[in-house]
Each structure stands twice: as C-alpha cells, then as structure tokens.
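The values are calculated or read from the model by the stated rules, or taken from the named source; none is laboratory data. Just so it is clear, the model here is predicted, and its values are computed rather than measured. So basically every Cβ, Gly included, is an ideal-geometry build from the backbone, and we count neighbours across all protein chains shown.
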Amino acid sequence: MDRTERFYKIEKLLRQHKIVSFAALQAALEVSRATLKRDLDYLRNRLNAPIEWSRAAGGYRFTAPADPASAAHELPGLWFSSTEIHALLTMQHLLSNLDAGGLLTHHVAPLMNRLNALLGGAETEAVQVRHRVRIIGLAQRSVQPQHFQRVGTALVQRKRLALTYTARGTGQATEREVSPLRLVHYRDNWYLDAWCHLRRGLRNFAVDAITDAHLLDTPAKEVSDAKLDALFGPSYGIFSGSRIRWARLRFTPERARWVASEQWHPQQEGKLQADGSYLLRLPYADHRELIMDILKHGTHCEVLGPPSLRQAVAEEVGKMGEKYF
C-alpha cells in the first residue's frame, strides 16, 4: 500500500468510526509506528487535514470547525505532482500581477501557502517563480482596491451599485445606479459591463474611473449573455456600438509576418498576398481604439476602407503633423 492509498484509508476509517485509536490505524494500514506518525503529520501539516488526537476518547478524529464557513473543503482524488505544483505557483504569480485591484489576490494567497507546503521547499520554490517569471504591464491604470472589491461583491451577489463615475473624455462626474453584469480584463485594465439605470441601457465603465461605489440592497437587473455579446462582442476593442462596420487594412511585407500571427478580433479575416503583404478585415463600431492600433504601424499599414475610417485616420495624421512639424 503506497502513501496515497494510506491517506485515503486513514480518511475512510475516521469518517466511518469517528474515533480511531493509533493501534487500530496501525493495524489497518500494516505500517510501522514511525510511518503512521509521518503520515498523520503530513495530513495535518501539509494537507491541512482537520485531524486531532483526543485524549478523552483515546483516539484520532476529525475536528468540527467553530465557524462552518471556514471549514476546509475536500477535493477527493486531487493530488498534485511537483511539476503541477510549479505550474500552479506560476499561475498564482501571473494572477497577482494581473489583479492590480486586489479582488482575487487576497483570497488566492492562502492557496500559494498551501502549494509551498506541499512542495516542502517552502519559500525557495515561490521565490524562484517570482524571480524567473516577469510580467510587464503596459498602460496599466491604478484601481482603488475598495472600489474594485465592491464591484466584485455586487457582481457575485447580484446587487446594484451606486457609482460616482468620471468620464475620461470630458472629465465630467455623474452619479449612476448600475446593475453589474460582467468584469472584463482588457489590455491590462479592468472594465465593467453593466446596465445603467440612469441611461436605461447597457454601458461599459472603466473601473479605474469609478471614484466612489456603494453596494445597494436592490437586486440587479439581469441581462442575457446573448444581449451582452450582441452589443460588446462584435466590435473591435472595448468600445461598443450598434452599427458595425468592417475595416480593411493592408500591411507591408515587413509587418505582415507580425500581424499574420496576431488576433485583433475573433471574427477577423486575414490573407497573405503574393507580394508578401497582408490583408486584414475586421469588424468595429467605434474607430477610436482601432485608429490607435493602426497608427502604431505608421506607413506600414494602409487603410483600404471604409472611406469614413480612411478619413478619420487621415485627419488624425494631419493633427499630428500640425503639432510636431
């Protein structure tokens, strides 16, 4: 019987008999006293099994937590190899860098401690992951943790939020009551898809532009995923709109090798040309973010259509020329 089998056997005996003596465990497992002691120590100290010795009862038992909400949740059959634990540590490190607002990191931190304990290498393994894996967040905007936490709580509990929101373009602050529907992490920043009861429609809010947030007792308005996707899904970038246009872009051979391997939009259509250039077709509703991505390629990207997008890009290039030349 290997160690994993012994762990299951110990758990089964404790659940069946409630109280099991050391001698009974040793006889059932057919191991030495030293091996049984090591198994019990591992279960309690590494796997956080709630096993205690009761002198009065004369045996081992599972403890009953004072607060049921804090009880450990068992995942039968979930055993990790050291390679899998390293992968989980790396994922935790990625999450801690992505989750600048702190909604998830605080709750995931105990998992990392558990993984360190399972490895036995404790801090050494986690330090190596943090040292060898680097995440660089570009254009990441700071989010107030308390606002982020309230948004997340309202989202999960399906409650409305009272927000003070400052529009980026105008700097105007408005009071909103919203029903949160979906949190989106996009280009290193957090956005909230919600039903705005002030505007009576679906809106997208940058979480970092929320200057105040209060959880309300009022149940949130429910909107189907189909309606959310119909508004926010088809268009390019974070901006939404009801009228969808299709951009047609041509990239020079020098940039074609880069762009051909990129996904600008799930519904994009791309094709390499005989001369090495690359044609990209993708949907958009609001040209603001698309223009920014077009301009970063400079003269290596030509807008073939529609005419309104060509004009918007030309006007932006004209403004840049007037400012810098």
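Which helices (runs of 4 or more DSSP H) does region 228-325 wholly contain that include 1 or more residues that are hydrophobic (A, V, I, L, M, F, W, C) and in contact with a Cys (Cβ under 7 Å, 6 or more places away or on another chain)?
Answer list for region 228-325: 287-295.
Okay, residues lined up against (1) modelled with pLDDT of 85 or more; (2) not in a helix (DSSP H, G or I):
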{"site": "L40", "(1), (2)": "yes, no"}
{"site": "A64", "(1), (2)": "no, yes"}
{"site": "A72", "(1), (2)": "no, yes"}
{"site": "G77", "(1), (2)": "no, yes"}
{"site": "T83", "(1), (2)": "no, no"}
{"site": "H86", "(1), (2)": "no, no"}
{"site": "Q92", "(1), (2)": "no, no"}
{"site": "L95", "(1), (2)": "no, no"}
{"site": "G102", "(1), (2)": "no, yes"}
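Every residue in region 243-252 that is within 15 Å of Q273 (Cβ to Cβ) and at pLDDT below 95, please.
Matches in region 243-252: none.
Could you give every pair whose Cβ atoms fall below 7 Å, whose first residue belongs to region 1-26 and is under 17 Å from R46 (Cα atoms) and of a type in the set (F, W, Y), and whose second residue is modelled with pLDDT under 90 and surrounded by 12 or more Cβ atoms within 10 Å (Cβ to Cβ), counting only separations of at least 6 or pairs across chains?
The qualifying pairs are F7/L43.
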